[in-house]
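What follows is a single structure, written as structure tokens, with notes after it.
The values are calculated or read from the model by the stated rules, or taken from the named source; none is laboratory data. Quick caveat: nothing in here was measured; it's all calculated off a predicted structure. Cβ coordinates were reconstructed from backbone atoms using ideal geometry, including for glycine residues, and neighbour counts include every protein chain displayed.
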Amino acid sequence: MDYKKIEKKWQKKWKDEKAYKFDPEKVGEKKYVLEMFSYPSGAKLHVGHWYNYGPSDSYARFKRMQGYEVFHPMGFDAFGLPAENYAIKTGIHPKDSTFKNIKTMEKQLKAIGATYDWNYEVITADSKYYRWTQWIFLQLLKAGLAYRKEAPVNWCPSCQTVLANEQVKDGDCERCGSVVVRKNLTQWFFKITDYADELLAGLDGLDWPEKTKLMQKNWIGKSYGGEIEFTVLTGQSFKVFTTRADTLFGVSYVVLAPEHPLVAKLTTPDRAAAVAAYVADTGKVNEIERLSTAREKSGIFTGAYAINPINGRKVPVYIADYVLASYGTGAVMGVPSHDERDFIFAKKYGLPIERVVKSADGSADELPYVEYGVNVNSGRFDGLTTDEAKIAIVQELQKNGKGELKTNYRLRDWLVSRQRYWGAPIPIIHCPHCGAVPVPEKDLPVLLPYNVDFTPDGKSPLLKSDEFMNVKCPVCGAPAKREPDTLDTFVCSSWYFLRYPDNKNKKKAFDGDWINKMLPVDKYIGGAEHACMHLLYARFFTKALRDMGYLNFDEPFLSLVHQGLILGPDGNKMSKSLGNVVSPDETIKKYGSDAFRLYLMFGFSYIEGGPWSDKGIESVVRFMERVERLAQKAAAADLSKSDYGKEEKELNYIRNSAIKSVTRDMEAFGFNTAVARLMELTNALYAYDNRNPDIKHAVFKAAVKDLILLMAPMTPHFAEELNESLGGTVSVFKQRYPVIDESALTLDEVEIAVQINSRVKAKLNVPSALDENGVKEFALSQPQIAALVSGAEIKKIVVVPKRLINIIL
RNA sequence: GCCGAAGUGGCGGAAUAGGCAGACGCAAGGGACUUAAAAUCCCUCGGUUGCAAGACCGUAUCGGUUCGAGUCCGAUCUCCGGCACCA
């Protein structure tokens, strides 16, 4: 078969017939199937794109054949750093390269023969889109979910620029390899932490990979504990957060983060110089290093003492860089006897170590003892278990207002400003009189200017565009400056799935009623690397927009699948430097896009991925040719055999069990086993053909037709062509996906295994109508089974219907 | 260090819900067709042992539960992914 020719032929036909046009009138039975949109990088579509999009499209086709109105859009995540970095290297403007790449990729995606309805395309770098990204920013601001504060960011001293977290690899700049340092800048944040609890609770109801849910759960990191107030002798007070309030009697010091606002105030004059020097030093250490567990603990005494509220004991106040200002209260209590870090710290600085918990069974345990146990040396709390004491001690403090139960999250607010050019401008104007003023909605979009020098020099590139920067304050009319930062690209991708169904809307980001009908996405397919970024942000946006009244559902993606990674033939990740990159274009040229897609579905477990094999793709080509010859046989066959005998019954059984398992496997993204079942059906049809070379029963041709229909989602052009060759005049995608005939699946006899003492000794055909006792009697009445038992005493018989009988002697 | 997932033939990978391990494919071997080769069609294909029927072993390792374990439980080893001073 001339693959190239038939691909062109059917793609043209589909296009002319608008075969995959989405019909909004039919949304009652819709399926929203969505693949994570792609980044329009310079290179062409790689195997990874195909692996994401090919099998997913087959799933969409499968749903379409089952009668659903499938909404299957495609678009581009077009803002972002790679285009900008490429521009810095080559001088080609990001806008030019991006939109050129999009054209190329659109063409390539069309060549896949996928069912995308391009009418619904979304491009995030298009002002028709980012206008609404900016609008959402303003809504978040209005709702108190966007705010500005000073925060440390990743700074590359060599590139003279801020880097996104994703650009920091093991503490180094991804581009030049320099060590990244921290730098404080005033930044915009989204208050995702307001939704920490709901983001956590909502995971339970989602049909997502457990691993991904767990990653989000750990990322959100909810922990239960108490906040306890310590008062310094000089009068100030501060709170510490602890999950082990039960160890409060064992506190021998307290520690503040170097950035804690009280540090300067409570440090005694004689310690001031040393403390200031320590604080300055920690500022120089880069974040990665500071947070490294391998680093030796260091700290410094402030000269101040605080009172432990439970026993009135005076304990020294330290500062140490292992305490994070951004978590909890930025202060912790030190209990060396029951915490490993505190133990090391106490040893180093000669602080007392006093046991307040022992193991419940009283067995000898060394300090630091971090397990749960029973309180000792804790006054009237002695004898309480850890779980009891944690609560009781906080409750005791609560009476004097010195403590309360508290929940903390690891999740931090989302830093969304970027000192970069190629992104959506943040719609804010800074006025000397009115402060940070939101751009009025009627003035959106704030267009990203084209002529900007984006060579990195440590400042936001937009600052250099006077034309962009200088505006009048929308409130008082005084000369003012625009916000020069742009939004993180993850902001753009946090709501694109909401825009797809209503992508032409000029009045709103999307129409509420319409979007409530179309969303949530029924099946979302994309890489696992987005577990704690895009997939979390999109959930946050959905919930925030719901609370603002723009939509009425809680979760954007009901069901999620991660595809695996296709490796090079040598088992390594494909990379130019290893020379193991498989080019989809060349492979397709040689074998056709259907074969390429079919191999991607057959050669791997979809969620695992694995190494590419040239032999593998040849094997699916062989399979397709086998099917093609079968179709030729079916077209030419003499179907006058009227006798519906054992062979026909068997063939029909295999045909129906193939329909059953292929349907189930397609549903579960078990593509490799689905193809295997089709191969089995093909083998059975060959066997039938071999035994009945001259005249065949009509069931042969019917089974071949079903085979073609079952294959259609995987090899669309090929299936259309075969369907036509068998006289079909209607596209396979307008035909109903095969449905099983239950009666064909019930056999008169089933083969079961006969075990003696749990070892298989024989196979036996048993009438399938028999119940358990019937099977026992039938089996024992068979001479060959009786011979195996040979008169021994039968202690027990286990029967598993349709599978086995186990005779215990 | 903590959390999680995985470990099955020469290879890629299958095994609803604890029930015949190795589906399907690749590679390999054999046969048919052919002057020959390719292609195609058919058969064999975990290991040891046996003339054979068969017997024994076998899902990383060790132990356990069970009539029965790749699957469940406990420990160990290896590889991968995530988090990494979160108090």
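Would a scan of the range A:540-547 turn up a residue that is assigned to a loop (DSSP other than H, G, I, E, B) and within 24 Å of A:L140 (Cβ to Cβ)? So that I can check it myself, show each step before the final result.
Going residue by residue through the range A:540-547, those that are assigned to a loop (DSSP other than H, G, I, E, B) are none.
No.
Here's the yes/no breakdown for (1) more than 9 Å from RNA strand B (Cβ to nearest atom); (2) assigned to a strand (DSSP E or B); (3) over 37 Å from the mean Cα position of the chain (by Cα):
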| position | (1), (2), (3) |
| --- | --- |
| A:T193 | yes, no, no |
| A:D197 | yes, no, no |
| A:L203 | yes, no, no |
| A:T212 | yes, no, no |
| A:W219 | no, no, no |
| A:T231 | yes, yes, yes |
| A:G235 | yes, no, yes |
| A:V240 | no, yes, no |
| A:D246 | yes, no, yes |
(message) Among the residues that make up the range A:725-733, is at least one of them within 18 Å of A:G67 (Cα to Cα), out of contact with any strand residue (DSSP E or B) (no Cβ under 6 Å at 6 or more places or on another chain) and surrounded by fewer than 18 Cβ atoms within 10 Å (Cβ to Cβ)?
(response) yes
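Would you kindly identify the helices (runs of 4 or more DSSP H) lying entirely within the range A:581-662 that contain at least 1 residues that are more than 11 Å from RNA strand B (Cβ to nearest atom), of a type in the set (A, V, I, L, M) and surrounded by fewer than 23 Cβ atoms within 10 Å (Cβ to Cβ)?
On the way: elements: A:584-591, A:593-602, A:614-636.
Counting at least 1 such residues, we get A:584-591, A:614-636.
Taking the condition of being under 44 Å from the mean Cα position of the chain (by Cα) and in a loop (DSSP other than H, G, I, E, B), how many residues in the range A:253-273 meet it? Lay out the reasoning, then the answer.
Going through the range A:253-273, the residues under 44 Å from the mean Cα position of the chain (by Cα) turn out to be A:253-264.
Still in the running and in a loop (DSSP other than H, G, I, E, B): A:257-262.
The number of residues fulfilling the criteria is 6.
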(message) What are the pairs with Cβ atoms under 9 angstrom where one residue, in the range A:548-571, is farther than 18 Å from A:M518 by Cβ and the other, located anywhere, is among the β-branched types (V, I, T) and part of a strand (DSSP E or B)? Sequence gap at least six, or different chains.
(response) A:V561/A:I525; A:H562/A:I525; A:Q563/A:I525
(request) Sort out which residues of the range A:347-375 are within 13 Å of RNA strand B (Cβ to nearest atom) and modelled with pLDDT of 90 or more, and write them in order of number. (result) A:K348
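Quick one: is A:L256 away from RNA strand B (no atom under 14 Å from the Cβ) and of a type in the set (A, V, I, L, M, F, W, C)? Lay out the reasoning, then the answer.
Values: away from RNA strand B (no atom under 14 Å from the Cβ): no; of a type in the set (A, V, I, L, M, F, W, C): yes.
It is false that A:L256 is away from RNA strand B (no atom under 14 Å from the Cβ) and of a type in the set (A, V, I, L, M, F, W, C).
For the range A:357-379, indicate whether the set of residues that are under 30 Å from A:L185 (Cα atoms) and crowded, with 22+ Cβ neighbours inside 10 Å is non-empty. Give the steps one after another, and end with the answer.
So in the range A:357-379, the residues under 30 Å from A:L185 (Cα atoms) come out as none.
Scanning the range A:357-379 turns up no residue that is under 30 Å from A:L185 (Cα atoms) and crowded, with 22+ Cβ neighbours inside 10 Å.
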(message) What's the total number of residues in the range A:497-519 that are out of contact with any Pro (no Cβ under 9 Å at 6 or more places or on another chain) and either over 15 Å from A:F22 (Cβ atoms) or of a type in the set (A, V, I, L, M, F, W, C) (or both)?
(response) 8
(message) Which pairs turn up if I take residues in the range A:328-344 that are under 13 Å from A:F241 (Cβ atoms) and near RNA strand B (Cβ under 8 Å from one of its atoms) and look for partners that are assigned to a loop (DSSP other than H, G, I, E, B) and at pLDDT 95 or above with beta carbon separation below 7 Å, at least 6 apart in sequence or on another chain?
(response) A:M333/A:V251
(message) Take the conditions assigned to a loop (DSSP other than H, G, I, E, B), surrounded by fewer than 21 Cβ atoms within 10 Å (Cβ to Cβ) and at pLDDT below 95 and apply them to A:R148. Does it pass?
(response) no
(request) State whether the residues of the range A:42-51 include one that is more than 21 Å from A:D511 (Cβ to Cβ), more than 28 Å from the chain's Cα centre (by Cα) and not aromatic (F, W, Y). (result) no
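Here is a yes/no grid of residues against (1) at pLDDT 90 or above; (2) within 19 Å of A:T489 (Cα to Cα):
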residue: A:P40; (1), (2): no, yes
residue: A:H46; (1), (2): no, no
residue: A:Y59; (1), (2): yes, no
residue: A:G75; (1), (2): yes, yes
residue: A:F79; (1), (2): yes, yes
residue: A:N85; (1), (2): no, yes
residue: A:K89; (1), (2): no, no
